[in-house]
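What follows is calculated from the coordinates using simple rules that are stated; it is not laboratory data. All values reported here derive from a predicted model rather than from experimental measurement. In this analysis, Cβ positions are derived from the backbone assuming ideal geometry, glycine residues included, and neighbour counts consider all displayed protein chains.
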């Protein structure tokens, strides 16, 4: 059975990751993940291989999916689980044995998903819920943070664990897709608002042209525009639109308002200007999507 010190380390890691996400946002740098320390001792949270066990831990602490990595880790549409590849082809490899033990003892892990080289979204607590040596795959689900402590202290899991994990894992999938979309769109726009050129990442969003709730609202760069939070909110509420020729058109009622300098600078002055475009033509907003959005803008008056 896993020792109390290992449990303490995992709790400290979860708390630290939560603080980092609150301070820096969803995407965390590999440098920061390698610099975590506890009581003056550095404990890297990621390693050179996907299944990672720091020297101070008894069992693996984290699993990682990297961009263009050697393993095809993916969410299984049928089961909703993350299908995570064994290390290599030997089920008896120590890393695979470590995850198998984590499965048996219900030990919580961190799942790091790379959204860009050197940039990771941390998902926790993650639990190994299945093991298929014939397919060289583990099944992984995400749970509520309270479950990390219940499982790590060997408490009996509640009867609703499976349904809860399915729900939490589904939410995590959406979060990962949105974060990947955000990272790619901001990179295409050189991390600046396409209207006002604001460069503070904390104040930038990847706005969908076709909403992600729409059947055609794919998380592709050509369906996105990098906007600051003010312009994103105004775009979503059809205060302005971007025509297929990339000219910005502000709603007539907004142009007629008299409010203050923020209205003038933030919205009225962008009327008739051109959207700042990505360098690569393939990353630029899809004119067909813009045309559909512009039609919605006109109907809204």
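What the table below lists for this structure:
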{"read-out": "Near-label residues of the range 224-240 by backbone N, under 16 Å of a point 7 Å along Cα→Cβ of residue 292", "value": "224-225"}
{"read-out": "Burial ranking of peptide ranges 91-104, 264-277 (average Cβ count within 10 Å, highest at the top)", "value": "91-104, 264-277"}
{"read-out": "Rg to Rh, two decimals, where the range 4-183 supplies the alpha carbon set and Rh follows Kirkwood", "value": "0.92"}
{"read-out": "Structure-based [θ]222 nm, the chain - -39500 (n - 2.57) summed over DSSP H runs of at least 4, per residue, nearest 500", "value": "-10500 deg cm²/dmol"}
{"read-out": "Net length gained if the chain between residue 197 and residue 162 were fully extended (0.36 nm per residue, minus Cα distance)", "value": "8.0 nm"}
{"read-out": "Potential lengthening between residue 282 and residue 254 on full extension [0.36 nm per residue; Cα-Cα distance subtracted]", "value": "6.9 nm"}
{"read-out": "nm² value of the averaged projected area, convex hull over the Cα atoms of the range 191-300", "value": "6.8 nm²"}
{"read-out": "Expected-Rg normalisation [2.2 N^0.38 Å, Cα atoms] applied to the range 14-112", "value": "1.13"}
{"read-out": "Extension reserve of the residue 190-residue 90 stretch, reckoned as 0.36 nm per residue once the Cα distance is removed", "value": "31.7 nm"}
